[in-house]
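S.K.: Input: one structure, supplied below.
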Amino acid sequence: MAFSISALVLFGALVALLIRYRALGAGAAIAALLFGFYLARSSAAPSVDQIMSALRDAIPGNHQ
């Protein structure tokens, strides 16, 4: 995967905050987790990776 640890921490913190402030229930969080897990194993994973890379590259000042 092309995700960096910081992106994983960001998404994990977002889900944790949504659960904390009851904007997302535990069942929905588990469903989101499982969806992400199975999406990563599907044939759509390279397309999602390309979209995320394009979004990362579109952020000004983000040079690698």
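Just so it is clear, none of the values below were taken in a lab; they were calculated from the coordinates. Not measured: the values here are computed from a predicted model. Note: ideal-geometry Cβ built from the backbone for every residue, glycine included; neighbour counts use all protein chains shown.
S.K.: Could you work out how much longer the chain between L34 and Y21 gets when fully extended? Use 0.36 nm per residue separation minus the Cα distance between them, nm to one decimal.
M.R.: Difference between extended and current length: 2.6 nm.
S.K.: Roughly what would the spin-label model give for A13 and R56, points 7 Å off Cα along C-beta, in nm?
M.R.: A separation of 1.7 nm, rounded to one decimal place.
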